[in-house]
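Heads up: the structure comes next, in structure tokens.
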Amino acid sequence: MKKQSLLLILVLFCLTGIGQVPLPVIDTVQKVIPGRKNSTQQQNKPYVILISADGYRWDYTDKYNAESLKKLRAQGVAAESMVPSYPSVTFPNHYAMVSGLYPSHSGLVNNTFYDKARNDSYSMGAKKKVADGSWYGGTPLWVLAEQQKMLAASFYWVASEAAIKDTRPTYYYVYNEKINIHNRIQAVVDWLKLPAAERPHLITFYFPQVDHAGHLNGPDAEQTAHEVHFVDSAVNELNKAVKTTGLDVNFIFVSDHGMTRVDNQNTISVPAAIDTAKFKVSGDGILVELYAKDKTAIQSTYEELTKEAKDYKVYLKTNVPAKLHYGAADDWHNRIGDILLIPEWPKVFNLNNRKTTNPGWHGYDPTVVKDMHATFYAWGPAFKKGLNISSFPNVDVYNLVSNILGLKITEKVDGTNQLANKVLIKTKK
């Protein structure tokens, strides 16, 4: 009888939900900043949709015969590739394109990093940190637009849900992967059908699928090909849907980085010379950064690491190769480690002693590993037709978009007008 009573209590406990951990609520509601309008002058400016397919390697369109993207790039501009900033990972490079700043200059130096002044760490998986505008330097394109009385919208982009310089896009969504592609495309169409005073002239749009598949299965896998075709189809659908608005819109299709197959069977263990009592360790398989708790330990630890280094390079922040823009001279926000460990392709570190690691990775020096290179295509009324160009640095995207929209760049950036001068029919001064 006692056993039956106990069983009954347990059943009631489960049915009533007492003691259950509530599932997280996913925010899929569009956010709108009230009271904003395009100025009369800005209502006559062009429109730009900046699309990113995360991890869409420079050669995927041809490798997997993405037919729609082949046709669209032929109508405008196609680059051999776009060179990501170092480290060639997601958050720093999405932000490099919209800020015109190298990661070391924007402060978004990695997907995860430590800030000594704050005594705090940033991580792309920490939603509150991602939404905190104080972590981001520079002036993102949507902030630049809003400052100049031009409305912007974002269906996802790194930092677009943060109030940077106290400003978010007029229309935006908190990042989630629950809203299906057709509803996302419809949202863009709805934005472009708003009255001229309320219509965004800059829209960002993001796809995560190719990157997910590349990590889990490698760049040569059937699953990766499937997601390339998904993006190809979705961009085609978006392009057609936008035409129904009657607006002549400019499209820029980019990615943040590429993807490569790594040696995930023979990973590099955490070096024995690292003393966690003296250093805070941050990073992942492609870049490990050591932040000194005891400055006197830097040189001796560097020397020990250099002696035992195999399949990776060891740098002091003061001797990182200048081409990476990731050393002491470029560390504007003091967020780069005192010692850096950089594996040589195709090796990766195994920081957490995992039994397995993904076969697909990115983050390597893009001047050495071309698999890190990203994609750039553009089409629309602002662009020359049937133009092929050589590779260029991704920070130039900032100047390109600013030129098209007629926005004045208000602070020093690393981007230049070289890309805009090559690809635009008429570059605005």
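A short reminder: the numbers here are calculations on the coordinates, not readings from a lab. In this text, all values refer to a predicted model and were calculated from it rather than measured experimentally. Here the Cβ is made from the backbone with ideal geometry for all residues, glycine too, and neighbour counts use every protein chain on show.
Protection proxy ranking of 370-379, 277-286, by the mean of other Cβ atoms within 10 Å over each peptide's residues and highest first, is 370-379, 277-286.
Let me know the volume per residue of the alpha-carbon convex hull for the chain, in Å³.
It comes to 182 Å³ per residue, whole-number rounded.
When the Cα positions of ASN250, TYR377, ALA234 are compared along the charge dipole of the chain, ASN250 comes out farthest toward the positive end, with charges on each C-beta of Lys, Arg, Asp and Glu.
Roughly how many debye, to the nearest 20, is the charge dipole of the stretch 29-127 about its Cα centre, given +1 on each Lys and Arg Cβ, -1 on each Asp and Glu Cβ, and no other charges? Write down the numbers at each step before the final one.
Values: 12 positive and 7 negative charges, 94 e Å.
Computed charge dipole of the stretch 29-127: roughly 460 debye.
Based on the Stokes-Einstein relation at 37 °C and a viscosity of 0.692 mPa s, and on the Kirkwood radius from alpha carbon pairs, the stretch 279-358 is assigned a translational diffusion coefficient of 248 µm²/s. Each of SER134, ALA225, ALA66 was scored by the projection of its Cα onto the charge dipole of the chain, and the greatest displacement toward the positive side belongs to SER134; charges sit on the C-beta of Lys, Arg, Asp and Glu.
Extension gain, ASN388 to VAL32: 0.36 nm times the residue separation minus the Cα-Cα distance gives 124.3 nm. Label separation (VAL189 vs ASP220): 4.1 nm, computed from points 7 Å beyond Cα along the C-beta direction. In the chain, the DSSP-assigned H stretches of four residues or longer account for a calculated mean residue ellipticity at 222 nm of -8000 deg cm²/dmol, using -39500 (n - 2.57) per stretch and the full residue count as denominator. The count of lysine pairs in the stretch 206-339 with alpha-carbon distances below 19 Å, taking only pairs 8 or more places apart or on different chains, stands at 12.
I want to check the label-to-label distance for LYS70 and THR296. Put each point 7 Å from Cα in the C-beta direction and report it in nm to one decimal. With each label placed 7 Å out from Cα toward Cβ, I get 6.6 nm. Close amide H partners of LEU101, meaning residues 5 or more places away or on another chain with modelled amide H under 5 Å apart, are ASP414. Considering only Cα-Cα distances, which of the following residue pairs are longer than 18 Å: LYS71/LYS385; LYS116/LYS347; LYS129/LYS165? From the list (LYS71/LYS385; LYS116/LYS347; LYS129/LYS165), the Cα-Cα distance tops 18 Å for LYS116/LYS347.
Averaging sequence separations of C-alpha pairs under 8 Å and six or more residues apart, then dividing by the length of the chain, give the relative contact order as a whole percent. Intermediate values should be presented prior to the final figure.
Details: 899 pairs, mean separation 121.0, N = 429.
Dividing the mean separation by the residue count of the chain yields 28 percent.
Using a simple spin-label model with points 7 Å from Cα along the Cα→Cβ vector, what separation in nm is obtained for ASN44 and GLU80? Going by the 7 Å Cα→Cβ label model, 4.1 nm. For LYS408, a cut-off of 18 angstrom between C-alpha atoms picks up these aspartates and glutamates, skipping any fewer than 8 places away in its own chain: GLU146, ASP396.
Computed over the stretch 279-358, relative contact order equals 37 percent, with contacts defined as Cα pairs under 8 Å that lie 6+ residues apart. 3J(HN,Hα) along the stretch 181-186: 5, 5, 5, 5, 5, 4 Hz, from the Karplus curve 6.51 cos²θ - 1.76 cosθ + 1.60 with θ = phi - 60°, whole Hz, x for Gly and Pro. Between amide H atoms placed 1.01 Å from N, distances below 5 Å from PHE207 occur with SER52, ALA53, ASP54, all of them 5 or more places distant or on a separate chain.
What dipole magnitude, in Debye to the nearest 20, does the chain give about its Cα centre under +1 on Lys/Arg Cβ and -1 on Asp/Glu Cβ? Write out the running numbers ahead of the final one.
Working: 48 positive and 41 negative charges, 239 e Å.
So the dipole magnitude of the chain works out to roughly 1140 debye.
Considering amide H positions built from the backbone, and no H for Pro or chain starts, which residues 5 or more places from ASN250, or on another chain, come under 5 Å of its amide H? Counting only residues 5 or more places away or on other chains, the set is TYR47, VAL48, ILE49.
Remark: the stretch 281-286, residue by residue, has Karplus-estimated 3J(HN,Hα) of 9, 9, x, 8, x, 9 Hz, where x stands for each Gly or Pro and the curve is 6.51 cos²θ - 1.76 cosθ + 1.60 at θ = phi - 60°. Evaluating 6.51 cos²θ - 1.76 cosθ + 1.60 at θ = phi - 60° for every residue in the stretch 191-201, the Karplus couplings come out as 4, 6, 9, 5, x, 3, 6, 10, 8, x, 9 Hz, glycine and proline recorded as x.
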